[in-house]
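> Can you read through this structure? Questions will come right after.
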Amino acid sequence: MTTSSAKRFYLWFALAALIVAGFVSYFASSHPDGLDSATLRGCEVVQTDDGAEILTGSCIAQSETDHTMTGSPLADYTVGGRDGLTGVAGVIGVSATFALAGGAFWLIARARKPAASRED
């Protein structure tokens, strides 16, 4: 693969990832995934008069606790807890992942080059 075709591939890959994160994520199911539904087996979710949810029965989910990152800015795939910003949270996550991975790959590639061929 030539350098220009590799760059073109990475640009198309990044564009596709950003489109999926920013647009397609709005169509994701709001229903529990397999792990959530498995932990709820044996329980029923009941809405109280004040809008809270309680679990009745016996299931693994009754012993759940909040994650340590619950208060973070991108918790629950939103920005600041606002449900309408799922795509924005996805784009931020993809961009951060690309930046960290790109920086790590650059450092690894730089470290693997012989010292004589490095021009700083």
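> To the nearest 10 square angstrom, how much accessible area does S63 have with a 1.4 angstrom probe?
S63 exposes around 90 Å² with every protein chain in place.
> Same structure, new question: Expressed as cubic angstrom per residue, what is the convex hull volume of the alpha carbon set of segment 1-58?
Given the Cα convex hull of segment 1-58, per-residue volume reads 117 Å³.
> A further question follows. When the accessible area of the chain is computed with all protein chains present and a 1.4 Å probe, what percentage of it is carbon and sulfur?
63 percent
> Okay, next question. Put a dot 7 Å past each Cα toward the Cβ at S4 and L35; how far apart are the dots in nm?
Calculated label separation equals 4.5 nm.
> A further question follows. Return one whole number: the accessible area per residue of segment 1-105 in Å², for a 1.4 Å probe.
78 Å²
> Still on this model: Between helix 3-22 and the chain, what is the angle of the helix's C-alpha long axis to the longest principal axis, kept within 0 to 90° and rounded to the nearest 10?
Once rounded, the angle reads 20 degrees.
> What percent does the relative contact order of the chain come to when contacts are Cα pairs within less than 8 Å and at least six residues apart?
Worked out over the chain, it gives 23 percent.
> Could I ask something else about it? Could you check the simple spin-label distance between W106 and L11, using points 7 Å along Cα→Cβ, in nm with one decimal?
So the label points at W106 and L11 sit 1.8 nm apart.
> Using the Kirkwood radius over C-alpha pairs as Rh, can you work out the diffusion coefficient of the chain via Stokes-Einstein at 20 °C, viscosity 1.002 mPa s, in µm² per second?
Answer from the Stokes-Einstein relation: 116 µm²/s.
> To the nearest 10 square angstrom, what accessible area does D83 show with a 1.4 Å probe?
120 Å²
The values are calculated or read from the model by the stated rules, or taken from the named source; none is laboratory data. Source: prediction; values computed, not measured. A quick note on method: Cβ atoms are made from the backbone with ideal geometry, for glycine too, and the neighbour counts reach across all protein chains shown. Each accessible area value is taken on the protein alone, full model and side chains, heavy atoms only, with ligands, DNA and RNA left out. Shrake-Rupley method; radii C 1.70, N 1.55, O 1.52, S 1.80 Å.
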